[in-house]
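To start, the structure itself, in structure tokens.
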Amino acid sequence: MTDNHFKLRCGGGLCCKGCGKQDRQLNTYDWLADIPGNADEQEMVEVQFKNTRKSYFRNSNRLRLEKGDIVAVEANPGHDIGVVTLTGKLVLLQMKKANLKSDMEIKRIYRKVKPVDMDKYKEAKEKEHATMIRSRQIAKELNLQMKIGDVEYQGDGNKAIFYYIADERVDFRRLIKVLAETFHVRIEMKQIGARQEAGRIGGIGPCGRELCCATWMTNFVSVSTGAARIQDISLNPQKLAGQCAKLKCCLNYEIDSYVEAQHKLPSKEIELETSTGTFYFAKADILKGLITYSSDKNMLANTVTISATRAFQIISMNRYGEKPDNLTETEQKNNLDKTVDLVEQESLTRFDKRKSNNRKKRYKNGNWSRQGENNLPQSNNQTAQNQLSNADSEQKDNPNKIRHSNKQGFGNPNRPSKDNNRRDNGNKGPKNENRRNIPQHKQINNDQPIK
């Protein structure tokens, strides 16, 4: 095994005490588990039972508990068996998240389980499935419009919780008497929804993955058919319904993106007028921003697919009484099928290249130039040489005329340069004498006035 192999260990890396076997909906990773003394700072302990049920208890006996320990806790009546899933400071945060009031009565932990407790626990769990089947038969005999989805026995076997599903209010007082006489235990009824039942049973969804309600969802939000209409999904009950016979929860996942994208599309009621006829809305690809129009209002005929931008252009033209020849444009029609790759637009290594400063001015051979100008095409260099030769010939014909470069910012050729003013004031010229490499016959006599 290599040194960098992933391992669960305590004392470094990912602590194994933070992980535990529990239902994924109720899973809480204890990121403070490897801190010494964390479990002893708080008396409150989180304990999980069967069927996504967990509660909080007080460790009044100061037992040394860790995540994964099986304990016997106080119940009404008797005791129950559960698994410790969280200890330390995080328990208070979980209690606050569950909106538990501070003045409520908190039950306590008795002890860690003994072999006798585990024997009773296993015996009670073996009776759960048979009890559920028999209770369904009793409810059917009493003509109750309800379905018993699951049964959970208490750890000592003195109490049973019946989870049922019903669309309307059910009077199950007679049912409780019959169940108590049949199973000789204390009866408690709890109503659950169809989505919660599907989460308890589990299964594979049409997407090929395990059901969301059986893996990570804890709060179920109501789903309406409006979510399907906004996403332009066919209102087929067989496709929209999940295994719980309700609308799929995943219809709410992308509804915000569709609502935002629909604001960029024109209204379905607007008709597009062209010189060839009128076109009506047929369908739209909301996320791509493409709209399909038909020449017939009741059926698809002569369909044309255009972008939302083009549709707004035609609507604007129709308002001013103008009608285009057709809905599409040649350039736009070619661009509809093109995909833009944002990564290919710029090189990923463009920030790694250091830009060199090639824009420094240099004075050479009586001319100001930049370092990058030597790489110009030969025709440009030839033009520049011709201009210099013409200027030299003109200077020989008229020696009193002073030639100034436009690089220095002088528009008047009779105006003295800055270097001449500096020499008249008694200041020294530039330090680098090579920058003023001017021939003797071109130098200026300071005593002679400048015309």
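Miscellaneous remarks
- Of K122/K248; K97/K177; K96/K127; K101/K140; K54/K246; K101/K147, those spanning more than 28 Å from alpha-carbon to alpha-carbon: K122/K248; K97/K177; K96/K127; K101/K140; K101/K147
- Other-chain or far-sequence residues with amide H under 5 Å of Q42's (modelled H): G88
- Ranked from largest to smallest solvent-accessible area, with a 1.4 Å probe on the protein heavy atoms, L300, L100 come out as L300, L100.
- For region 191-288, the equivalent ellipsoid derived from the alpha-carbon gyration tensor has semi-axes of 36, 13, 11 Å in decreasing order.
- Region 136-190 - Rg over Rh from alpha carbon coordinates, Kirkwood radius: 0.95
- For R108, the amide hydrogen comes within under 5 Å of the amide hydrogens of R58, E74, counting only partners 5 or more places away or on other chains and with H modelled in the peptide plane.
- Around the amide H of G149, modelled in the peptide plane, lie the amide H atoms of Y163, Y164, I165, all under 5 Å away and 5 or more residues distant in sequence or on another chain.
- Ranked by the mean number of other Cβ atoms within 10 Å of their residues, highest first, the peptides 179-187, 286-294 come out as 286-294, 179-187.
- Legend: translational diffusion of region 31-118 by Stokes-Einstein, Rh = Kirkwood radius over C-alpha pairs, 10 °C, 1.306 mPa s; D = 119 µm²/s.
- Taking all C-alpha pairs of region 263-310, those more than 15 Å from each other amount to 38 percent.
- Karplus (6.51, -1.76, 1.60) ³J(HN,Hα), θ = phi - 60°, over region 186-191, in Hz, Gly and Pro reported as x: 7, 9, 10, 9, 10, 8
The values are calculated or read from the model by the stated rules, or taken from the named source; none is laboratory data. What you are looking at is a predicted structure, and each value in this text was computed from that prediction instead of being measured. Reconstructed Cβ throughout: ideal geometry from the backbone, glycine too, with neighbour counts over all protein chains shown. To get the accessible areas, we keep the full protein, side chains included, count just its heavy atoms, and leave off ligands, DNA and RNA. Shrake-Rupley method; radii C 1.70, N 1.55, O 1.52, S 1.80 Å.
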